[in-house]
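Scroll down for the structure; my scribbles are underneath it.
Please treat every number below as a calculation from the coordinates, not as lab data. Note that the structure is predicted; figures quoted are calculated from it, not measured. Backbone-built Cβ (ideal geometry, glycine too); neighbour counts: all protein chains shown.
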Amino acid sequence: MQVRRLPSGGRIDRDRPLAFRFNGKGYMGFSGDTLASALLANKVRLTARSFKYHRPRGIMGSGPEEPATLVELEGRHASANRAATTVRLEDGMAARSVNCWPSPGLDLGAVSQLFAGLIPAGFYYKTFKWPGWRLYEPAIRRAAGLAGAPDAPPQDGHFEAVHAHADVLVVGAGPAGLMAALVAGRAGCRVFLADERAEAGGSLLDRRLEIAGGPALDWVAETVAELTSMPNVMHLQDATVWAYREHNFLMVNERSPANPSIQERNWRVRAGHVILATGAIERGLVFPDNDRPGVMLASAAQAYVNRFAVKPGERAVVFANNDSAYAAAANLLASGVDVAAIADSRDAVPGHASDIAGDIPVMAGSVVTGVRGQRSVKGATVSGRDGRGASTIECDMLLHSGGWNPAVHLFSQSRGSLRYDESLATFVPDEAAQACVSVGAAAGELSLASALRTGAEAVARTTGTEMPDLPTATGESYAITPLWRVDAPGAKGRAFLDIQNDVTVDDVHLALREGYDNVEHVKRYTTGGMGFDQGKTGNINIIGTIALQKGVPLQDVGATTFRPPYTPVSFGAIGGIREESVVLPYRHTPVTRWNLDHGAFMYEAGARWRRPGYFPRGDETFQETVNRECRAVREGVGVYDGSPLGKFELKGRDVGRFLDHVYTNLMSTLEPGQCRYGFMLTEDGLILDDGVAMRLGEHRWLVSTSTAHADTVNGHMEELLQTQFPAWNVYVTTVTSQWNNATVCGPKARAVVAALGTDIGLSPEELPFMRFADGHVAGLPARVVRVSFTGELSFEINVAPRHMRELWERIMETGVPFGIEPVGSEASHVLRVEKGFLSLGHEVDGTVDAHDLGMGWIMSRKKADYVGKRSVELRRRSKAVRRELVGLLPVDKKIQIPEGAPLTPGGEKRPSEGLVTACVWSVVLNRWVALALLENGKSRHGETVHVRLKDATIAADVMEPVFYDPDGRKMRS
Amino acid sequence: MGYDASFERLPINACFDLKGSESALGEWMGAELLPGFPTEANRCCKADGLSLDHVGPCRWLLQADIDREAELNAALRPHAAPAEASIVRISDTMTTFRVAGADAAHVLAIGCPLDLHDTAFPEDAVSFTEFFGHKALVRRCAGGFDVSVEQSFGDMTEDCLARALR
């Protein structure tokens, strides 16, 4: 029964009743309601418990400023920590209060109020230290907290993130924003208008004002209709602009997209100009027990009666220090609420305010010093500011207004500066840092007429168009005398500055006493302003409290930095469609499908390529599979897909000397048809990549890189060419995906390639190691390269991707009589370790150089300079102890050493002298073998070293880092 | 209900990456081969089934149907071009998706940060940009857009597009 629903009025649709549940109990509301308005209509007053002290709380605001009632939505639209005032009511909705158990009415956590004195601001810095904070932390976090994230994705629909561009982005569809959008739209600009409420109108929805001699909402409807008719205007409601980033890049969270399959959409808008018509937010007053259910912002109560046709209570006391609360009181009175009194802290109430109050008793120079009732307001104690004449007025609702703060959050996020305005007693936008302008209440222009005017002016200036004729508007005036806290004698009880984070005046005083006297320090020490609501109602009261306590002007205290998001945003909306299979990028080769069809275990193996790790058969274990694949390569023939290797074609007169500069060894001496293995270093002499350079012609070269570092090498080369050698004639073209390759390797590799049919001579004389030849293989245009990563005779058959699948299938078919096996990354890893070939990320760990790896021969002494040369020489000149590559044979050959395990002297708890970089089961040695980086390793062959594990040590003999074919005869064969 | 748009993966085009000065390339290839160099960056010139896209400083892409690849390769003679002209066949490097329909621009905008409004991206516009986080070449086509991504990202892009169209 909606006992507090007015019989008429409001922006709700009484023909569309909606059923919903709150804390397990069923209620009814109407379309157009928020969860908060529906709860108030049903006379639900106790809706939450506070964050820290578990104090009873009710609904205090009517929009995103709501600091008290956070709910967890259940079921279809499960989401957590939503302000009840921003949740649009839907049929069948289920919600429950956060941070209370079993209910807000009977909350066991409320026991914390008994020892509230022990847990002031920053208590966790000083208490619960013995025997250790971690002992208490879980319980404290459970007790003080919010709802967790939903444990499952949305049951229907999905999220979307989308880019947009606009000449003018207007934030807010209140009077100033609508006027700005109208002028911009008429000027032909591409306009993006976004407003956080369900319908346009902003504060006009909550108040009873007139424009052009008629109801303001008629003007709103006409304006919206005109905007809708403009193809150059994008108008979104229920869409919050929540972040303002560099270069006028803003984020807009649309919660009710027209496409019903989309739950939320996040717009990423790049705007030429931004008009910030974000309005103003009423702040509360600071008095004892100002958090009791029934204590509400005056503007919120006004919104409930006018917009939602809900009486938030039956009898109200209004407490204010400014004029705006008078209109709220008058609206409530007109809606049947008994307004017992207006307690105004000002000594003199302006005449126009008194006129609005009409018959409502006005108590000038008065303050509220206390609230009666714990779970619901039952009365307010009012006295003079000096504490005299205290009396208690019975009421079920205490409405308060401490003045209005322009919503400067986005302006501040854009790095615009703020200044304190004495007449408004608040901070207003000052210098803009980006192409934006604040208009209307967001700029401190609090009257309706000035909102319309500043909205139009801003766009007229931006677009160079003439000011339109402005409609007349209800005259309003606003005056305020700041009251930062009630400190009248007799005022006792906790006075909250930040309702959401339970930060009191005493907390701020404590922070100041303990030396945290900068506003940013106070914020962090007390957590004031750091809740979901970002201190929308309380921040400036904290600043005012600091100013009062320190005896300095507010301008000198300054404001804290506002950060995104302005209001909470679903992670899903930020991620958009990037979920499930597309959370991370992935790359396929033309053979990927074949791999999957043949049971390959796939995983990412560098640069987002999904590659086959191994091809299990039947009941094989992982190790059995890898052993089988390794034996195929060592004893017969195997083939792997080497397509992901980075490939770049370089063209130009200066390519030779350029490659000499980027590689450590000499490349310019290569003849066409020759390849050479080389290292690239970073400027600090560390290994950037290893790869192969091939000379295709006089001025054409092909550089092959590791898979993982292809993009890095590309960037490295381009940077050098664009910054150091802009005059050199070198062009780099990425051809990684123009060439795929199937590498046939093993003693029978030559026979398989020959069986495929080729016009390329395959004999060692015709195509020796480190040579390549162009021709045809299996009837396909191909380039065959004699390089080897396995230590075996290898033919890397490169073809265009359009031919790769055919080539692969032909190889597998032709290779059957030879016992060919597809080989995954795991076997490749074993084979390269047996051969002692390095791997970036294993042996090349960001500390070693070529000398450490026993590859000093690759550091050319003939060249005057190359990237990294000087750094290597300087580093080695220090004669510091180096970790050098060695081979390890575990003394017990059946013991595997974990990769990355540390080596310590004697296996004792002493500083590490190295680490194991790789350990594999060698099919040729029939035992575990490892590679390691060991201090002075090259001079320690024959020693026994020790791997230190958590609960064991492993002894291993040091040897040369090569376990197979040390002179390379097989791969050169 | 999804969007009023659809996508398809197109067959590969003949595509040659041209780098060098206009004069060096023009001199080597001959004016009669090319449809003419676009006068602005990120614009294309089309003629006789060829499209020459200006995609970067001293960089163009020459595209045609794949059945003309051999013909173009013979005419361009990449292997014999002078040092000042880089001509590389890259027909296989990109996979192209055609996104068409009334909501094509919105679907594109889900993955692409480029301003594709016709005032900013006219009929002859062509540009490298991003599509679902990867480098992509975008151009207009009848009723929509053609988006080319690096071939190895083709399956993922298809996955993303299918999700975007829901």
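Observations on the model:
- With N as its number of residues, segment A:493-566 has a Cα radius of gyration that, divided by 2.2 N^0.38 Å, comes to 0.99.
- Stokes-Einstein translational diffusion, the protein assembly as shown - Kirkwood Rh over all Cα pairs, 1.567 mPa s, 4 °C, in µm²/s: 38
- Sorted on the mean count of surrounding Cβ atoms within 10 Å across their residues, most packed first, peptides A:359-365, A:759-765 read A:359-365, A:759-765.
- Sites A:Ser860 and A:Arg76, calculated FRET efficiency, Cβ-Cβ separation with R0 56 Å, nearest 0.05: 0.25
- Where only alpha carbons of segment A:351-469 are counted, the Rg and the Dmax (Å): 20.4, 59
- Rounded, prolate or oblate (a/c below 1.5 giving rounded, otherwise prolate when a/b exceeds b/c) for segment A:646-734 by Cα gyration tensor: rounded
- Debye equation applied to the C-alpha atoms of chain B, log10 I(q)/I(0) at 0.12, 0.13, 0.16, 0.18 Å⁻¹: -0.53, -0.62, -0.90, -1.10
- Using Cβ point charges alone (K and R +1, D and E -1), the dipole size of segment A:436-527 about the Cα centre works out to roughly 160 debye.
- Per the Debye formula on identical point scatterers at the alpha carbon atoms of segment A:171-245, with no solvent, log10 I(q)/I(0) at q = 0.11, 0.18, 0.22 Å⁻¹ is -0.25, -0.66, -0.95.
- Number of partner chain Cβ atoms within 10 Å, mean per residue of A:736-744: 3
- Taking only the C-alpha atoms of segment A:748-857, Rg followed by Dmax gives 16.2, 46 Å.
- Centre separation in Å (Cα based) which lies between segment A:455-516 and segment A:624-642: 73
- Using every pair of distinct Cα positions in segment A:878-972, the Kirkwood expression returns a hydrodynamic radius of 13.5 angstrom.
- Lysines whose Cα lies under 21 Å from that of A:Lys869, excluding same-chain neighbours fewer than 8 positions away: A:Lys879
- Rounded to the nearest 20, the Cβ-based charge dipole of segment A:646-734 about its Cα centre (Lys and Arg +1, Asp and Glu -1) stands at 380 debye.
- Each pair of Cα atoms in segment A:10-155 enters the Kirkwood radius, and Stokes-Einstein at 4 °C and 1.567 mPa s then converts it into a translational diffusion coefficient of 79 µm²/s.
- Zero-based 10 Å bins, Cα pair distances in segment A:233-286, whole percents: 20, 44, 26, 9, 1
- Aspartates and glutamates with Cα under 16 Å of A:Lys938, excluding same-chain neighbours fewer than 8 positions away: A:Glu843, A:Asp849, A:Asp852, A:Glu884, A:Glu913, A:Asp957, A:Glu960
- Segment A:334-344 - phi-based ³J(HN,Hα) in whole Hz, Karplus 6.51/-1.76/1.60, Gly and Pro as x: 5, 8, x, 7, 7, 8, 5, 5, 10, 8, 10
- Straight-line cross-link reach from B:Lys135 at under 15 Å between alpha-carbon atoms covers these aspartates and glutamates, not counting any fewer than eight positions away in the same chain: A:Asp711, B:Asp146, B:Glu150, B:Asp155, B:Glu158.
- Other protein chain Cβ atoms within 10 Å, averaged over every residue that makes up B:111-117: 4
- Close amide H contacts of A:Arg494 (hydrogens built in the peptide plane, cut-off under 5 Å, sequence separation of 5 or more or a different chain): A:Asp289.
- Residues with amide H under 5 Å from that of A:His273, placed H, sequence gap 5 or more: A:Val168, A:Leu169
- Highest to lowest packing among A:177-183, A:420-426, scored as the average C-beta count within 10 Å: A:177-183, A:420-426
- Distant alpha-carbon pairs in segment B:13-89 (separation over 17 angstrom), percent: 35
- Each 10 Å bin, from zero up to the one with the longest distance, holds this percent of the alpha carbon pairs of segment A:695-757: 16, 35, 28, 14, 7.
- Contour minus Cα-Cα distance for A:Glu635 and A:Ala334 (0.36 nm per residue): 98.8 nm
- In terms of packing, defined here as the mean over residues of other Cβ atoms within 10 angstrom, the peptides A:652-660, A:847-855, B:117-125, A:256-264 line up highest first as A:652-660, A:847-855, A:256-264, B:117-125.
- Per residue, the Cα convex hull of segment A:73-186 amounts to 247 Å³.
- Ellipsoid equivalent to segment A:432-519 - semi-axes via the Cα gyration tensor, in Å: 42, 19, 9
- Per-residue mean of foreign Cβ neighbours for B:146-155 is 5 (Cβ atoms of other chains, 10 Å radius).
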